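Note sheet for the following structure.
Read the figures in this text as sums done on the coordinates, not as results from a lab. Owing to the predicted nature of the structure, the values given are computational and were not obtained by experimental measurement. For neighbour counting, all protein chains shown are included, and Cβ atoms are generated from backbone atoms with ideal geometry for every residue, glycine included.
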């Protein structure tokens with residue numbers, strides 16, 4: 001049976017082409033390759049987050065915590081246990097899944113405001129622990145000296161120390177996560193998640209164990225975000241407490257919604273790109289650009305919750321309608 | 001016995017905190033009553049109140065220098081009173097703007113309202129950071145109510161007594177307003193059944209606007225009063241909205257005295273943890289929230305609330 005939604009869509013190919021060619025034209029547009037890596041890392045984070053918000057309808061306002069947990073796990077395993085890239089990334093993902101699973105037990109049966117406030121509470125709790133447990137996390141200074149470990153595939157070994165090399169690795173991660181999430185969303189599991197978003201009670205009446213689905217969605221989302229955290233640790237060369245703050249958690253939400261995470265798989269990607277390009281282009285002129293982004297978010301929720309992707313979908317629909325009208329008019333004219 | 005005496009100042013601190021938490025929670029609850037959504041920006045408005053008060057007492061710039069000099073030369077008491085009165089009014093104006101923005105989300109998925117108030121909270125915090133910087137600020141307080149005094153063998157903070165007395169006064173005034181005035185009756189009716197109130201001819205949008213303004217003004221008053229106790233940082237907003245939520249969940253939505261009693265309980269918890277592990281006192285609130293929502297989400301009085309969507 002053919003997989004629902006397919007394995008690869010045209011949009012995916014476009015995205016891969018754009019990101020695949022990025023190192024070759026990024027400097028021409030006045031931006032830096034480092035920005036490309038940042039965008040990819042945050043895309044993975046935002047895509048993981050949107051599984052929860054856009055597809056399951058659960059607002060997590062403390063997701064930055066898992067981003068940070070992934071980074072710290074990566075660093076701690078690298079510095080203390082086993083400096084191998086795959087082990088460290090696995091550790092990051094597992095840590096995210098573990099903490100996500102733990103928190104999920106407390107909140108999986110909630111939704112709406114209770115869910116949101118609990119995620120804030122847990123996020124702040126983890127933020128606090130990270131800043132106070134200085135013996136492990138080095139507190140406000142952050143866990144420094146995290147090195148970019150070489151990617152050893154057995155047959156070949158690639159050093160990731162240079163930004164270009166790290167970019168390709170992050171791109172590969174992005175491709176894998178995209179394909180994985182696309183399959184998850186178009187699987188029976190994903191369909192139930194979307195049902196939960198539409199009407200949780202009804203889904204429960206249909207016999208699904210809604211709590212279990214929500215818990216799984218939350219844990220998976222945290223695991224993916226934590227994996228992105230591991231990549232972030234390599235990018236920044238350290239794990240910092242600030243990533244776990246409410247501010248950054250909020251920015252993930254903003255990016256996902258402004259881009260159109262509610263209606264499109266690619267929404268978070270668009271949102272991330274907009275945020276970082278705005279930061280680099282506008283940030284050079286004004287310090288208030290983050291405020292404008294926040295106001296853009298509010299305007300988006302008020303007037304167009306479908307976000308930028310939603311606007312794009314409207315445009316496509318309008319063009320198709322125009323084309324349909326044109327073809328019909330021509331048929332009538334000929335007949 | 002010795003332990004109790006040692007704890008007494010912390011209990012008093014906890015009492016002061018609790019009364020102020022109750023004040024914030026009451027404003028919060030008024031808003032929940034007539035609106036459909038929880039105002040996550042309540043905490044940021046609390047913080048904004050404190051910052052505006054600082055700006056009113058020690059203007060940093062923008063105003064003509066002569067005026068500023070004359071103003072700063074005034075004794076501290078009139079400036080403090082001016083700040084206490086004007087800051088809530090200014091914050092109420094901001095609150096009204098927020099309510100106007102929220103109007104677009106009525107009738108839709110409550111998730112949108114939640115996202116909007118969350119966005120507003122971030123925007124307000126960012127605004128505060130831009131205007132006043134990320135550092136900590138101090139609110140100058142008249143000497144008459146600052147410092148400490150000796151009672152028995154222990155030193156108590158004068159300001160916390162003043163804050164407690166002030167909070168008790170405000171709660172009393174609020175109770176009188178809600179119970180004894182026709183406007184209070186209107187607000188209570190709107191909280192009970194807003195559709196019916198509208199059917200009876202009351203201008204519901206205007207009522208909501210005014211209740212929002214009133215609720216946020218209460219938050220601002222609490223913010224100004226709490227400022228010397230908690231310090232003024234942009235992040236203080238989140239630390240204020242969480243106890244308000246805990247108080248409401250514990251006391252039950254819609255119960256005035258439930259909120260007051262729950263506020264005192266929460267304040268005690270925070271105050272007492274402050275006695276033993278100062279770092280953990282703020283975190284204790286988050287732990288309390290997690291505990292309360294996990295075990296007793298229907299509050300001490302046990303009725304299904306409007307928050308359970």
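Do the sum for chain B: with -39,500 (n - 2.57) for every DSSP H run of n ≥ 4, divided by all residues, what is the mean residue ellipticity at 222 nm, to the nearest 500 deg cm²/dmol?
On the way: 12 runs with 229 residues, N = 309.
Mean residue ellipticity, 222 nm, calculated: -25500 deg cm²/dmol.
Working from the Cα coordinates of the range B:248-289, the gyration tensor eigenvalues give, after taking √(5λ), semi-axes of 23, 10, 4 Å in decreasing order.
For the range B:180-255, count all C-alpha to C-alpha pairs, find those more than 17 Å apart, and express that count as a whole percent of the total.
59 percent
Using a/c under 1.5 as the rounded threshold, could you call the range A:1-70 rounded, prolate or oblate? The axes a ≥ b ≥ c are square roots of the C-alpha gyration tensor eigenvalues, and prolate needs a/b larger than b/c, oblate otherwise. In terms of gyration-tensor shape, oblate.
In terms of overall dimensions, the C-alpha atoms belonging to the range A:29-97 reach 37, 37, 17 Å along their principal axes, ordered largest to smallest.
Considering only Cα atoms, the convex hull volume of the range B:167-206 works out to 69 Å³ per residue. Placing a pseudo-label 7 Å from each Cα along the Cα-to-Cβ vector at residue A:145 and residue A:29 gives an inter-label distance of 3.9 nm.
In the calculated pair-distance distribution of the protein assembly as shown, the portion above 38 angstrom amounts to 38 percent of the Cα-Cα pairs.
In whole Å and largest first, what semi-axes does the C-alpha gyration tensor of the range A:180-335 yield when each eigenvalue is scaled by 5 and square-rooted? Please report the intermediate quantities before stating the final value.
Working: eigenvalues 227, 147, 41 Å².
Semi-axis lengths for the range A:180-335 are 34, 27, 14 Å.
Compute the Rg to Rh ratio over chain A from the alpha carbon atoms, using the Kirkwood formula for Rh, and round to two decimal places. My calculation of the ratio gives 1.00.
Sorted fewest first by neighbouring Cβ atoms within 10 angstrom, B:278, A:216 come out as B:278, A:216. This ranking places A:82, B:161 by how few other beta-carbon atoms lie within 10 Å of each, fewest first, which gives A:82, B:161.
If each DSSP helix of 4+ residues adds -39,500 (n - 2.57) and the sum is divided by the residues in chain A, what number results at 222 nm, nearest 500 deg cm²/dmol? Present the calculation step by step, with values, prior to reporting the outcome.
On the way: 14 runs with 235 residues, N = 335.
Calculated from helices alone, the mean residue ellipticity at 222 nm is -23500 deg cm²/dmol.
In degrees from 0 to 90, rounded to the nearest 10, what is the angle of the helix A:64-76 Cα long axis to the longest principal axis of chain A? Rounded to the nearest ten degrees, it is 40. Arranged from fewest to most other beta-carbon atoms within 10 Å of their beta carbon, B:115, A:281 become A:281, B:115.
Between the range A:246-262 and the range B:3-30, the alpha-carbon centres lie 35 Å apart.
How far, in nm, would the chain grow between residue A:191 and residue A:332 when pulled straight, counting 0.36 nm per residue and subtracting the alpha carbon separation? Each step should come with its number before you reach the end.
Values: separation 141, 0.36 × 141 = 50.76 nm, distance 4.16 nm.
In short, 46.6 nm is gained.
Rg over Rh for the range A:243-335 works out to 1.22, using Cα positions for both radii and the Kirkwood form for Rh. One quarter of the surface of the convex hull around the alpha-carbon atoms of the range B:68-107 equals 3.4 nm², the direction-averaged projected area. Kirkwood radius and radius of gyration were both taken over the C-alpha atoms of chain B, and their ratio Rg/Rh is 0.97.
The residue B:7 and residue B:89 beta-carbon pair, evaluated with R₀ = 45 Å, returns a calculated FRET efficiency of approximately 0.70.
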